[in-house]
Amino acid sequence: MLNVEKLRLKFPGDSDLLFKDLSLHIEKGEKVLLLGPSGCGKSTLLQVLSGIIPQSVEVPMKAESIEKPASWGYVFQDPDSQFCMPYVDEEIAFVLENQSVPREEMRPRIRQLLKAVGLELDDIHTNIHTLSGGMKQRLAIASVLALEPEVLFLDEPTALLDPQGTEDIWHTVKAISEHKTLVIVEHKLEHVLDLINRIVLFNGEGEIIADGPKQQILSQHKDTMRAQGIWYPGVWEDYKPSEKLEASSEPIIRLEQFKGLRQKESKIHVPQTTVYKGEWIAVTGDNGAGKSTLLHALMKFIKTTGTYEIYGNPVKKLPNDLTFVFQNPEFQFVTNSVYEEIAYGLRLEKRSQQEVDAKVEELLERFQLTSFRKHHPYQLSMGQKRRLSVAASIVCNQPILLLDEPTFGQDSKNTFALLEMLRDYQKEGSTILMVTHDEQVVEHFATRVWKIENGLLAEDRLVQTREREPAMECL
Amino acid sequence: MEFQYNETWLHKINPTLKLFFMVGMFLFVLFVHQLNLLLYLTFGAFILFWFFSGHPKKRVALLMIPFILVFVSTATSMIFFGKGETTWFKFGLIHITEESFYRGIHLGFRALIFATLGLTFTLTTRPVKLFYSLMQQAKLKPKYAYSFMAGMRLIPIMIEEFFTIRNAMRVRGVQQQRGLRSLFFKLKSYSIPLLSQSIRRAHRIAVAMEAKRFSDASKRTFYYPIGYSKTDGLFILSFVALILLSYYSAEWLPLFPVGDVRYES
Amino acid sequence: MNKGLKLTDILVTIVIAIVFGIVYKLWGPLYYFVKPFGLHVDQLIYGMWFMAATVAFLIIRKAGVAFLAEVAAASGEFLVGSEWGLEVLLYGIIQGLFAELVFMAFRYKRFDVTVVSLAAVGSAIGSIIMDFYKGYIEDLALWNLSLFLGFRIIGSILIAGVSAYLLVKALEKTGVTSLVRPAAQEDYDALDEREHA
């Protein structure tokens, strides 16, 4: 069905081969999960197996023999960059047009495909831009199903989704894949384990280190998975973070009838609250509830009304005491090297070279970036980029750090590393406000939770002790 | 990008025909040197724009504000610095003559009619329909048409990114930098993330399109079959009528006392 | 146009062009605000409207890209509702064509700042030809016309030539351009290495 013998592949400019004589065989109807650390080439292999490499993407490769499926579909990671049309119906129609499906048959087919993935819209002519990430990914699956594929390739389809979206996607995949072959790349195992039967485990050098039934691999290679940063069930229990810190009683931010406005409409409303020094506040809530908007309002990116004071002083413009880490770290980068990126804030303050050196070295060390100091920020891995953006944001010792889902789409290794670095920062007396979807992050790190519902700070509670949940049963 | 509007007869015209007709009008207007004729033509185009775009009057009025600026800015250079014999006003380098004044006004109206026709087209044509029509009527290759459509889809995402980058730059303190060098630095700080993100996204979309078996080689069907209709005839007729009426009006009721605005020495 | 452009090349070109289309649209108000100050200071910033062609060509380095980019940027500007209306389309075609001709004259093999600046001048000349038809610029007083032409050409070289060149150099450092450039033969040769030393 799917077969590759002695595959060699090299990315232009890299010094080493990514794959050296790699062989893999997949039978019809198998449901296979490819696992491995970031950068081990799982996604690349998926593209080779489907033929995307070298047909659409030129990457130098050769193989002794390669057998590709006759019909296949491919779901990509990023919901925003796999569609070419603006509306739901037009996107699926695009795939039907590609196969010369007669026009009269298109509308019923579109309805039927949307139904199959549980995306039942009142109007199929709905703008894709208005859908949530999870709905977009279901649309991606629907448009791929229009190809009537025997083999489905799924390349981390839930990496950029919240927990609800993730669950929905795997539910959908399960429903449609009964008679299909599945080849999946994913590092969040929670739901995907239900539908696969075989796991292929890679190491960081692009070699297969284990291949077999899922139970066997999961029980025998747990340590490897932990080291690789895979989100296997029970990873939090194995991680055992240190105890949470206590906040002080010194108030730093006071909000009363605070509103954030977009186009003159109130998008977030905080009736009354006070933030104390040293707190770690997790901002939670559904998609579109207004979590990011709250942070934007605090940063004064948008217009606000009501009382907003820091250390008793009313805030009028972008406050110097606050700093902000964006979801996409690249948007914050302004220089050509990791070193300069961290130094930038200090240079603006006209600090002496000695001072800059000392501070930057300290942060490089702390954020595990020392050996990358000369790299271009864009050339770092995702985890490194996130760490760099935090390092560059806190270089001027701002007492309050705001973060918009900083652990989003990260593997467990990078997530834990980043959270620990933040905790160190908190230990020094800084206050952290962080948007997150991850219940575990809330339980293990936050001292307080703000739950946002429909643009209102609806719940404000302290998280004192860490509750231990029983290890998840998946096997 | 999502606006509510009513469909008018202008929306029903074949987009390719509409586009070529508008371009034809553009070329025609380039050879109109009679101010009075141009004035009536502009007036006619304006009626089309004002009454038949299908958009609420308030929005149409708002869209017109830049027209005035374009009119003024296009007209002034010629009015102040154009050649002419009959001096009206002279101060330093500025030299306004009767000839340069009318020529300037003529240029202003020319800019105005281009803007009016262009905006009428934009307001009454959905880009997706335009590209579907160009594939079917003008034999535009699908790989160009779909690339355009995919690109258009990204515009709102890019605009959102632009604002995010602006906020990020504020947090980083980029606006504190001053001087000429900072201008290039700012330009770079905006364009590098915007361009690199766009290039990666475009690349991924292209790969995704081919993964969905898009190819120029195979014959395709069309979700939106677009042809010609009677409205197209009405459209052509109305333009012919507009041109003829303008000729007669310019002849019988000239509003400006000038003919050809070009300079003859 | 050119059979050699793959879907990826076209899509990337068009998306780059659309980024510039938005910039073009934002540049409009700036242009007509500086314009009435007279003396054609506005012409110094006119070169921004030639940038899509040179930037896209420097990134993708293939025949047809400069032309496509400029046309696409103009279409983008037009379709989001330009206050210049239809003329942007025709200007785009001419400007793109002239930039393309310059790159063609060097057989699409040179990507240095001189050639890019020449292409920018090419676009400028294209736009000036259009202006002769549209704007009666020959009817400006001679000193004024010279100022107009001089400023436009200098501005083009600075913006669409030098700045475009520097911008793409900075972009290359991010590594994103390797997505659209072909792999080198050495990379293919490396596949045949027997063992790693």
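Worth pointing out:
- Just one of (1) surrounded by fewer than 21 Cβ atoms within 10 Å (Cβ to Cβ); (2) within 12 Å of chain B (Cβ to nearest Cβ); (3) within 26 Å of the chain's Cα centre (by Cα); (4) not polar (S, T, N, Q) fails for A:Gly39. It is (2).
- Criterion: crowded, with 19+ Cβ neighbours inside 10 Å and either within 27 Å of A:Pro271 (Cβ to Cβ) or touching a Ser or Thr at 6+ places or on another chain (Cβ under 9 Å) (or both) - qualifying residue of A:Thr307, A:Thr323: A:Thr323
- Selection over the range A:80-97 of residues that are open to solvent by 10 Å² or more (accessible area, probe 1.4 Å), within 7 Å of another protein chain (Cβ to nearest Cβ) and not in a loop (DSSP other than H, G, I, E, B) gives a count of 1.
- Hits in the range B:173-200 (condition: in contact (Cβ under 8 Å) with a residue 12 or more places away in the chain and either surrounded by fewer than 15 Cβ atoms within 10 Å (Cβ to Cβ) or not aromatic (Phe, Trp, Tyr) (or both)): B:Val174, B:Lys186, B:Ser189, B:Pro193, B:Leu194, B:Gln197, B:Ser198
- Listed conditions (1) within 24 Å of A:Val151 (Cβ to Cβ); (2) within 13 Å of chain B (Cβ to nearest Cβ); (3) of a type in the set (A, V, I, L, M) are all met by A:Ile66, apart from (2).
- The set of residues from the range C:155-197 being of a type in the set (Asp, Glu) and either open to solvent by 20 Å² or more (accessible area, probe 1.4 Å) or within 22 Å of A:Thr335 (Cα to Cα) (or both) comprises C:Glu172, C:Glu186, C:Asp189, C:Asp192, C:Glu193, C:Glu195.
- Residue list for the range B:47-83, filter: assigned to a loop (DSSP other than H, G, I, E, B), open to solvent by 20 Å² or more (accessible area, probe 1.4 Å) and within 13 Å of another protein chain (Cβ to nearest Cβ): B:Lys83
- For the range A:49-63, filtered to residues that are more than 13 Å from chain B (Cβ to nearest Cβ) and of a type outside the set (Lys, Arg), the residue that is surrounded by the most Cβ atoms within 10 Å (Cβ to Cβ) is A:Met61.
- For the range A:102-116, the condition holds for at least one residue, the condition being that it is buried (at least 23 other Cβ atoms within 10 Å of the Cβ) and more than 19 Å from A:Phe76 (Cα to Cα).
- Filter result for C:Lys25 (within 26 Å of B:Thr74 (Cα to Cα), of a type in the set (Lys, Arg) and either open to solvent by 30 Å² or more (accessible area, probe 1.4 Å) or within 11 Å of chain B (Cβ to nearest Cβ) (or both)): yes
- Tally, over the range A:424-450, of residues that are within 25 Å of A:Ser248 (Cβ to Cβ) and either surrounded by 22 or more Cβ atoms within 10 Å (Cβ to Cβ) or in contact with a strand residue (DSSP E or B) (Cβ under 8 Å, 6 or more places away or on another chain) (or both): 17
- Taking helices (runs of 4 or more DSSP H) as the structural unit, those lying wholly within the range A:303-402 and holding at least 2 residues that are closer than 23 Å to B:Phe163 by Cβ correspond to A:338-348, A:382-393.
- Lone qualifier among A:Glu150, A:Glu207, A:Glu178 - being within 20 Å of B:Ala211 (Cα to Cα) and open to solvent by 40 Å² or more (accessible area, probe 1.4 Å): A:Glu150
- Of the residues making up the range C:122-140, not a single one is within 8 Å of another protein chain (Cβ to nearest Cβ), crowded, with 20+ Cβ neighbours inside 10 Å, within 30 Å of A:Asn336 (Cβ to Cβ) and over 13 Å from the mean Cα position of the chain (by Cα).
- Within the range B:214-265, considering residues that are small (Gly, Ala, Ser) and open to solvent by 60 Å² or more (accessible area, probe 1.4 Å), the one modelled with the highest pLDDT: B:Ala217
The values are calculated or read from the model by the stated rules, or taken from the named source; none is laboratory data. Since we're looking at a predicted model, the values are computed, not measured. Note that each Cβ is placed from the backbone with ideal geometry, even for glycine, and that neighbours are counted across all protein chains shown. These area figures cover heavy atoms from the full protein model, side chains too; ligands, DNA and RNA do not enter into them. Shrake-Rupley method; radii C 1.70, N 1.55, O 1.52, S 1.80 Å.
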